[in-house]
1. Would you point out the residue of the range 1237-1267, among those that are touching a Phe, Trp or Tyr at 6+ places or on another chain (Cβ under 8 Å) and of a type in the set (D, E, K, R), that is surrounded by the fewest Cβ atoms within 10 Å (Cβ to Cβ)?
2. Output the number of residues of the range 531-560 satisfying the condition of being touching a strand residue (DSSP E or B) at 6+ places or on another chain (Cβ under 9 Å), open to solvent by less than 10 Å² (accessible area, probe 1.4 Å), of a type outside the set (Gly, Ala, Ser) and farther than 16 Å from Asn402 by Cα.
3. Out of Thr1316, Thr1361, I need the residue that is of a type outside the set (Asp, Glu), at pLDDT below 90 and surrounded by fewer than 24 Cβ atoms within 10 Å (Cβ to Cβ). Which one?
4. Test of understanding: among Ala843, Ala877, which residue is touching a Phe, Trp or Tyr at 6+ places or on another chain (Cβ under 8 Å), more than 19 Å from Lys118 (Cα to Cα), assigned to a strand (DSSP E or B) and touching a residue at least 40 places away in the same chain (Cβ under 8 Å)?
5. Return the residues of the range 887-909 that are of a type outside the set (A, V, I, L, M) and closer than 28 Å to Leu552 by Cβ; say none if nothing qualifies.
6. May I ask you to list the residues in the range 1339-1379 that are assigned to a strand (DSSP E or B) and farther than 18 Å from Ser1323 by Cβ?
7. On the given criteria, is Leu1274 of a type outside the set (Gly, Ala, Ser) and touching a Leu at 6+ places or on another chain (Cβ under 8 Å)?
8. How many of the residues making up the range 1002-1041 are more than 54 Å from the chain's Cα centre (by Cα) and not in a loop (DSSP other than H, G, I, E, B)?
Amino acid sequence: MPVAPLPPVVTKIITHNLFLFLAILGDITQKGYEKKRSKLLSPYSPQTQETDSAVQKELRNQTPAPSAAQTSAPSKYHRTRSGGARDERYRSDIHTEAVQAALAKHKEQKMALPMPTKRRSTFVQSPADACTPPDTSSASEDEGSLRRQAALSAALQQSLQNAESWINRSIQGSSTSSSASSTLSHGEVKGTSGSLADVFANTRIENFCAPPDVTTTTSSSSSSSSIRPANIDLPPSGIVKGMHKGSNRSSLMDTADGVPVNSRVSTKIQQLLNTLKRPKRPPLKEFFVDDSEEIVEGMPQPDPNQPKPEGRQMTPVKGEPLGVICNWPPALESALQRWGTTQAKCSCLTALDVTGKPVYTLTYGKLWSRSLKLAYTLLNKLGTKNEPVLKPGDRVALVYPNNDPVMFMVAFYGCLLAEVIPVPIEVPLTRKDAGGQQIGFLLGSCGIALALTSEVCLKGLPKTQNGEIVQFKGWPRLKWVVTDSKYLSKPPKDWQPHISPAGTEPAYIEYKTSKEGSVMGVTVSRLAMLSHCQALSQACNYSEGETVVNVLDFKKDAGLWHGMFAVSYSDVYVSVNFIRFEFIAKVALVKCRDLHWAMMAHRDQRDVSLSSLRMLIVTDGANPWSVSSCDAFLSLFQSHGLKPEAICPCATSAEAMTVAIRRPGVPGAPLPGRAILSMNGLSYGVIRVNTEDKNSALTVQDVGHVMPGGMMCIVKPDGPPQLCKTDEIGEICVSSRTGGMMYFGLAGVTKNTFEVIPVNSTGSPVGDVPFIRSGLLGFVGPGSLVFVVGKMDGLLMVSGRRHNADDIVATGLAVESIKTVYRGRIAVFSVSVFYDERIVVVAEQRPDASEEDSFQWMSRVLQAIDSIHQVGVYCLALVPANTLPKTPLGGIHISQTKQLFLEGSLHPCNILMCPHTCVTNLPKPRQKQPGVGPASVMVGNLVAGKRIAQAAGRDLGQIEENDLVRKHQFLAEILQWRAQATPDHVLFMLLNAKGTTVCTASCLQLHKRAERIASVLGDKGHLNAGDNVVLLYPPGIELIAAFYGCLYAGCIPVTVRPPHAQNLTATLPTVRMIVDVSKAACILTTQTLMRLLRSREAAAAVDVKTWPTIIDTDDLPRKRLPQLYKPPTPEMLAYLDFSVSTTGMLTGVKMSHSAVNALCRAIKLQCELYSSRQIAICLDPYCGLGFALWCLCSVYSGHQSILIPPMELENNLFLWLTTVNQYKIRDTFCSYSVMELCTKGLGNQVEVLKTRGINLSCIRTCVVVAEERPRITLQQSFSKLFKDIGLSPRAVSTTFGSRVNVAICLQGTSGPDPTTVYVDLKSLRHDRVRLVERGAPQSLLLSESGKILPGVKVVIVNPETKGPVGDSHLGEIWVNSPHTASGYYTIYDSETLQADHFNTRLSFGDAAQTLWARTGYLGFVRRTELTAATGERHDALYVVGALDETLELRGLRYHPIDIETSVSRIHRSDNMLTECHWNFSAVFTWTNLLVVVVELCGSEQEALDLVPLVTNVVLEEHYLIVGVVVVVDPGVIPINSRGEKQRMHLRDSFLADQLDPIYVAYNM
């Protein structure tokens, strides 16, 4: 028999596992790989040749071959911008070669990484020609940027030995989804053309067998509406508890984890776990004390082989003495006065436009006269004589654009002459500029109320509708003053500014943005400003009349010092704003980016001569990658006269000002040497010459010597300022008169930065001279040359190792980024996640980059960074072009980008999370200790003084009742008795959406109706006693009458939720399944539903020809049975209760007549139900306690039940509460779905409820019927919301039941209020219960699930050993009760399953050999200080979660609801996630991968923001790594009628590619 071909998804899994397996074994050639793969797949391929070609084709697709974009003609934009040249910034031929070599190592072991699944509509970018490329002509960073985020998937693992058996199992039970669907779920693209998105958009998934819908009665298709449809209990295809093996699931759902046994563990996860340190064997966990356990392993231990500094302690290095010239002016203002009066007509500054043409030339005379006018105006013309606006010492803001150096220079010197302190800032463009709020904080802290600007700039500021300048976010209110000459007053001839010798008084404040994004003002004194001019003039050898070209920002840093100060001090001539050397310049001030643009414009300036240039000052020489730009510029322009010795890199910082500068060399002299350093050594802060691995080397050039008159030392960057050793990297500190004096208004930070006294290894101070921290990392090399290897702001401390952001950027850009990202638009930063810093790379992708190109580039960047820097990247995100926040000069605002990332507002178009490879400090996996028997545990508990965890309700035998009902053993007899004793007493009232009574049923009416139905069953159905009858009715009294009609006829009723007419395809198969499983001989229903069952639409979903007999009960003959059936014993079966559990299993249990009586009696006693009482029920009546309250209890207790179908609330949200108010109901029952609907829908309608006169103070108990952990958050929200209309918070409580016993706990009317406790989550994962205080970290709030019903006993049991546990343990809740179900209803009576769940005994410690039923729920018992009705201390039962739903990960037990609650807290805004805090996320495991499904309520463009948010919060709070993040539309996560999520059905849909997700991210 020929073997069927493998589904593509299985082929892909095997391919991926083969890659991983071979990666573990070692290198393998391409030919060897193909051979092994072909051999593995050959038995399942129809033709070997086709297989081989498919293998080769797939390998070709996986190999990053040059894309079409590489060979096609460049776009118009690329031609004009690049001019055939490459961006030389961050580029090094040596480093590029190293990166390529590192990638080559990965090539043979390359894994087939599945791309993320993405809807095409979600991330449609604008066309390339419509997208304006980012303008980085003035950027302070590079023009590079990362593009999309692609997520790697961890696929299913299985070893080669088990491959064949796994394949056989997969074929037998494979998913019925189409191959295209399976392929797309893992992002694999067939063929070589077209992106994944194209394939996805053009593929229609047809003919798959969709499991019945568990969520909705409207439409099964996903909707963008945030309103979740009505809930229906429908299991996925044929999962029936207790069925024989042949009829159970034979596909992926065979095991508890839903995956074949042989492939339980993901290869990628297993590979990671193998590399982690295995924990030492701890003492017996059963006896540990929770308080002493620390499960976080912490940071990795230091590598004993890591390099350590070996040199001697360095001594401070002094610069050359600062020369003293007798005629040096005593202050900078004096220098301006001198040149302005003696050389008034000499040019001082010329501003050029973007074409290089002079716009305006400012002479020294004009500068002096205008500055005088401005100074006089500021001091005398802004206010009155008695109340001047400004006085000396006040601060003013200077707001001038970058193209107006003339006005800025006049304003700056005008402020100096007026003795007010200028604070230059950037021109605000919008109300919410990146970093604008922090600038406003600086202005406020400086007390600035006045801003100087030009007339042109003022007109360009954003205005309100009234024409006023907008109030910028975070800014103080400012008065704007225009400084154009026509608005200034000429000073009187006798007025002269006060110019005193330079002292320590502040001269100006320069703003500086910290790594965290805060803006600080570095205050520079007049003495430091003057001394700095002297040092610069000496170091640069400025002479009178020289021309300096300045293309830097003239408002701060080197552009201010050289372009504004030195010009006035040394009488040099400056041209600003364009790099053209037509002025026969002697000195040029540039950054690396300017060298880059000059090289790109080389073709337009072929006749340029640079022979006159004696100094080309590269002011960002502190960037270690500046050497690349310098070399490239020299190689291109050396033929144009540029001398190698003219290139002079320097290092600067806002605090220390100019730290070091290379002096111009002597022609012909050898150039300074360069340091080739080991990156591994640098990461440990040690200088090591790279001799081993050339791939991880960093070449740095010196930045010259210490400034004249200065002194330098290197101190450790962390902790006390201890001097480094000579071979150690540290922070450069400078001591001189040329640095800043303080951070304005920040005394504490100032002391740590500007008043540093270095200490030696013993902690003793070295001298008493204070130093200034420069924020630069480096060392002093041979010949006292200063080398800088990075900045403190760019330092990334990961696992105790230092990495530089610039180095990471350079490595990323060396990976052929030109077709994927913009090279100048890349940001690298670290975020604190799980006790360590994690590296995040964000870049802007090009609009024309394909999915495959971006994914390949991202994958290769990860490999390159891992190989070169030996560090993993936590997250790599690509955002659309022009979306990252910009600095005023066009670079990326790093701190703002980081903030957007943490807030979930980055909106990436592609993301790649790699937590598996980065997070190596996870807690130790739990090791369960073998050989510890349950008896030993019990002895240990007794020794420790812990009681056995057990509790019981009131003893039924001790409760005295004067109740005539007790004499009847059967519910049918009780109804007959009531029909005779109280025939007119109304038992049931049914309401519609308007609150009108639709139907009532008295005792006699119900009895007669039941008799007629029993007669019809015998006449039309020809049924015998014991036959099963399906009751298919909408919620109402007809259902109740049909139930008692079956009891009268001796038939076994089975209540089933009817199918929905608009959603038959999804809802009818479940009806059919229950009919088949129950072996029903007849279906009782209404005429409308009978027509629906036989309709053409129904025939498309099921086989309508094989329905059993269908009887409609709308028109019944007036005929009664001659004799009503009486069961021979109370143990006979009364009815079958079918329900879909939270794990998606359809389970039917048998309820005997004695159990029914005991259940009704227990509820009656607990709730004190009597004939005079009324209760309101808003529940689905088809299973569990909801069915018992709807159909059984009123007949037994005689109270009146007001029935409110939950579906009516969708038409009238007020219905339930108005009914309670109208009838003054004291006890009401509802589901979580109803409570949630009222909380969400009536949240803003409380005032409307008040005006309607609704008062809920009558409610004594509002009970939520549930089979899960109490949802405290929802209960508290409901109580707080309706507290204003009289609802008592004490009234709201919950019940607890399960399949084996539908009512174990119910609060009732008497007894203590429900108690709450806070437990430690960490202990809970170890199956321990440790109570903690409110607000404790890792605490979980739990509420008691109501009081245990009379006659019920519970014990907490270890589910594995079946022995009782102590009250400090978490275990399975076992129950003994007279109303426990008789067993599962099975076709072949599976005795094993029934005995295990319904008739099991404790393995020890129970002399009475009590028979217990296993609930399948985990919980614990705690003795409280409250007093029960018996007078004893009350034992509270706390339900934690379903045992079947727990996630066993890393040896610990997790509960899905805890993880989902954490995810619910990540929402950035109200419209990002669905407002429903309980249904918008669900988790499950898939081969040891944690899968989180999140419903997105906002724009689909925000989908990818959820991926890092979800990953972070789960890692931080639960110490788990999320394997897959699935973002879906609202309403996709299935829930049952009780509002409980059906996670297993969701998992089935996910594996069958039926979710239609917005995005699926596979975390590596």
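1. Only one residue fits best here, namely Arg1252.
2. Qualifying residue count, the range 531-560: 4.
3. Thr1361
4. Selected residue: Ala843, the only one of Ala843, Ala877 that is touching a Phe, Trp or Tyr at 6+ places or on another chain (Cβ under 8 Å), more than 19 Å from Lys118 (Cα to Cα), assigned to a strand (DSSP E or B) and touching a residue at least 40 places away in the same chain (Cβ under 8 Å).
5. Scanning the range 887-909 gives Thr887, Pro888, Gly890, Gly891, His893, Ser895, Gln896, Thr897, Lys898, Gln899.
6. Those that are assigned to a strand (DSSP E or B) and farther than 18 Å from Ser1323 by Cβ: Ser1343, Ile1348, Lys1353, Val1354, Val1355, Val1357, Pro1364, Ile1373, Trp1374, Val1375, Asn1376.
7. No; evaluated as a whole, the condition is false for this residue.
8. So the count comes out to 18.
The values are calculated or read from the model by the stated rules, or taken from the named source; none is laboratory data. It should be emphasised that the depicted structure is a prediction, and the values quoted were computed from it without experimental measurement. Glycine also receives a Cβ, built like all others from the backbone with ideal geometry; neighbour counts cover every protein chain displayed. Ligands, DNA and RNA are stripped out before the accessible areas are found, and what is left, the full protein with its side chains, is counted by its heavy atoms. Shrake-Rupley method; radii C 1.70, N 1.55, O 1.52, S 1.80 Å.
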